[in-house]
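Undergrad: Here it is, the structure in full.
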2 protein chains.
Amino acid sequence: MAAKEAPKQRDAEATKGRILSAAKVEFAKNGLAGARVDEIADRAKANKRMIYHYFGNKDDLFQAVLEEAYVDIRTAEQKLELDHLPPREALEKLVRFTWQYYLKNPEFITLVNSANLHKARHLKHSKVIEVVSRKFVTMVGGLLDRGVAEGVFRPGIDPVQLNITIAAIGYYYLTNRFTGSIVFERDLTAPEALDERLQFNIDTVLRLVCITP
Amino acid sequence: MAAKEAPKQRDAEATKGRILSAAKVEFAKNGLAGARVDEIADRAKANKRMIYHYFGNKDDLFQAVLEEAYVDIRTAEQKLELDHLPPREALEKLVRFTWQYYLKNPEFITLVNSANLHKARHLKHSKVIEVVSRKFVTMVGGLLDRGVAEGVFRPGIDPVQLNITIAAIGYYYLTNRFTGSIVFERDLTAPEALDERLQFNIDTVLRLVCITP
DNA sequence: CAATGAAGTAACCAGATGGTGCATTAGCGG
DNA sequence: CCGCTAATGCACCATCTGGTTACTTCATTG
């Protein structure tokens with residue numbers, strides 16, 4: 001039948017996608033309250049009416065953006081295949097990945113901050129989040145167990161606390177890089193500064209987890 | 001004559017103070033864009049006109065709130081008198097303090113997040129911040145040096161990185177406690193959970209800094 | 001090919017929101 | 001007790017903003 005990928009003049013999926021991307025940018029830049037629906041429509045090269053047609057209202061659009069952001073990071077994490085690596089290298093790879101993901105996807109951080117400003121009410125009843133999150137926690141738990149079994153990791157470490165710490169030491173540095181650069185009178189965004197921070201973080205985590213760092 | 005502390009009907013300082021407190025609450029709860037000037041006026045039991053009279057505009061008011069928040073935490077830190085303690089205990093005390101300050105002053109975290117969403121433009125030319133920050137960095141730097149001299153801390157640790165890490169492992173947990181509770185399917189705000197996190201953080205920092213944790 | 005429903009558009013609206021003009025009044029110095 | 005300055009209050013405005021109404025255009029299919 002129709003040409004497989006004929007450039008349709010009307011394409012619901014494409015429009016929806018453009019709106020979602022545009023919304024991600026706008027929400028990340030200005031927060032939920034600061035984001036402007038008109039601006040999203042413009043950036044998406046769509047009519048504002050389409051936003052309400054596909055997503056209902058501003059809040060629901062934000063929720064859709066947020067869910068997509070979580071699915072994206074969790075999907076990327078699953079592709080790490082940490083099982084194929086010795087525990088210590090796997091752990092280092094996870095710290096590296098987390099840092100680099102935040103660095104390459106700065107909007108993720110801002111979106112999560114906005115979600116938390118609103119006490120995560122946009123995720124509270126999201127089934128998608130539940131599913132992808134569970135796989136993620138399991139992954140790190142498995143890695144810890146394996147490391148303990150092989151005698152390289154300390155036993156008794158709570159995988160949730162470790163997860164939080166790995167995220168924290170990267171996330172905090174990056175969200176607060178603007179105030180941080182002022183407080184510490186040092187450009188925290190310079191490439192060398194970023195490299196230095198990653199090394200420090202790897203060191204921190206290895207010292208926390210490994211028996212002989 | 002009137003009693004020494006006669007409640008004046010007109011009191012510029014008091015009104016200014018009420019506006020500042022009210023603004024802190026409102027900005028912390030809703031962010032810069034989400035905060036409502038009328039709501040601030042109501043909460044301060046002041047007329048909206050007064051806000052513009054004393055602070056100029058919404059942005060300048062936000063800046064005033066932010067500066068006060070920074071001065072407050074830095075002042076509290078200076079009162080710790082870490083010099084009077086052995087390095088190891090001093091470090092633990094600092095980690096404890098940071099955690100508890102965030103817990104007791106949750107608005108600090110949200111305000112800093114808002115400031116960073118706006119790339120810290122509200123602090124960029126603030127002289128106050130510069131002064132209080134410098135004293136703070138010096139304090140931790142001094143502690144590290146002393147610990148190294150006494151042979152209990154590893155040498156070569158960057159005080160800025162350490163500062164950031166101490167803040168990060170508490171701050172991240174607390175800002176993201178809402179999404180975190182969903183992702184990890186565990187109530188991160190329960191008192192036991194908070195205690196557990198503090199212990200984990202102390203452990204993390206001591207392992208990072210001390211020669212024999 | 002007509003009809004049908006979905007995709008898309010433009011103009012519009014009501015309420016909210018940051019910000020002001022101006023009159024009023026308290027309190028202090030003289 | 002007077003007059004001046006700074007504190008306060010009210011009413012008001014211009015604009016913005018999320019959301020909607022009413023309409024057109026396209027693509028598919030019976």
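Please treat every number below as a calculation from the coordinates, not as lab data. On a predicted model such as this, the values are computed, not experimentally measured, just so you know. Cβ sites come from the backbone with ideal geometry, for glycine too, and all protein chains shown count toward neighbours.
Undergrad: Taking residue B:186, is it without any contact (Cβ under 8 Å) to a residue 60 or more places away in the chain and facing chain A (nearest Cβ under 7 Å)?
TA: yes
Undergrad: Just wondering, is there one or more residues in the range B:170-183 that are more than 9 Å from chain A (Cβ to nearest Cβ) and either free of Cβ contacts under 8 Å to residues at least 40 places away in the same chain or more than 18 Å from the chain's Cα centre (by Cα) (or both)?
TA: Filtering the range B:170-183 for residues more than 9 Å from chain A (Cβ to nearest Cβ) gives B:174.
Those left that are additionally either free of Cβ contacts under 8 Å to residues at least 40 places away in the same chain or more than 18 Å from the chain's Cα centre (by Cα) (or both): none.
Scanning the range B:170-183 turns up no residue that is more than 9 Å from chain A (Cβ to nearest Cβ) and either free of Cβ contacts under 8 Å to residues at least 40 places away in the same chain or more than 18 Å from the chain's Cα centre (by Cα) (or both).
Undergrad: Within the range B:53-78, which residues are among the polar types (S, T, N, Q) and touching a residue at least 24 places away in the same chain (Cβ under 8 Å)?
TA: Answer for the range B:53-78, where residues must be among the polar types (S, T, N, Q) and touching a residue at least 24 places away in the same chain (Cβ under 8 Å): B:63, B:75, B:78.
Undergrad: Let me ask something else. Which of the residues belonging to the range B:184-207 are out of contact with any Leu (no Cβ under 7 Å at 6 or more places or on another chain) and β-branched (Val, Ile, Thr)?
TA: Residues satisfying the conditions are B:189, B:202.
Undergrad: Criterion first (aliphatic (A, V, I, L, M), within 16 Å of DNA strand D (Cβ to nearest atom) and more than 12 Å from chain B (Cβ to nearest Cβ)) does residue A:90 satisfy it?
TA: no
Undergrad: Additional query: Could you tell me which of the residues B:132, B:65 is closer than 19 Å to residue B:21 by Cβ, in contact with a Lys or Arg (Cβ under 7 Å, 6 or more places away or on another chain) and away from DNA strand D (no atom under 16 Å from the Cβ)?
TA: Result of the check over B:132, B:65: B:65.
Undergrad: Another one. Suppose the filter is over 18 Å from residue B:120 (Cβ atoms), touching a Ser or Thr at 6+ places or on another chain (Cβ under 6 Å) and within 14 Å of DNA strand D (Cβ to nearest atom); does residue B:12 pass it?
TA: no
Undergrad: Can you confirm whether residue B:37 is of a type in the set (A, V, I, L, M), without any contact (Cβ under 8 Å) to a residue 60 or more places away in the chain and either within 16 Å of DNA strand D (Cβ to nearest atom) or in contact with a Pro (Cβ under 6 Å, 6 or more places away or on another chain) (or both)? Explain how you work it out, then say what you get.
TA: Numbers: of a type in the set (A, V, I, L, M): yes; without any contact (Cβ under 8 Å) to a residue 60 or more places away in the chain: yes; either within 16 Å of DNA strand D (Cβ to nearest atom) or in contact with a Pro (Cβ under 6 Å, 6 or more places away or on another chain) (or both): yes.
Judged against the criteria, residue B:37 is a match.
Undergrad: Then there's this: With the requirement that a residue be out of contact with any Pro (no Cβ under 9 Å at 6 or more places or on another chain) and facing another protein chain (nearest Cβ under 7 Å), what does the range B:128-157 give you?
TA: If the condition is that a residue be out of contact with any Pro (no Cβ under 9 Å at 6 or more places or on another chain) and facing another protein chain (nearest Cβ under 7 Å), then B:129, B:133 are the ones that fit.
Undergrad: Let me ask another. Report yes if residue B:150 is more than 15 Å from the chain's Cα centre (by Cα) and within 24 Å of residue B:196 (Cβ to Cβ), otherwise no.
TA: For residue B:150, the condition - more than 15 Å from the chain's Cα centre (by Cα) and within 24 Å of residue B:196 (Cβ to Cβ) - is not met.
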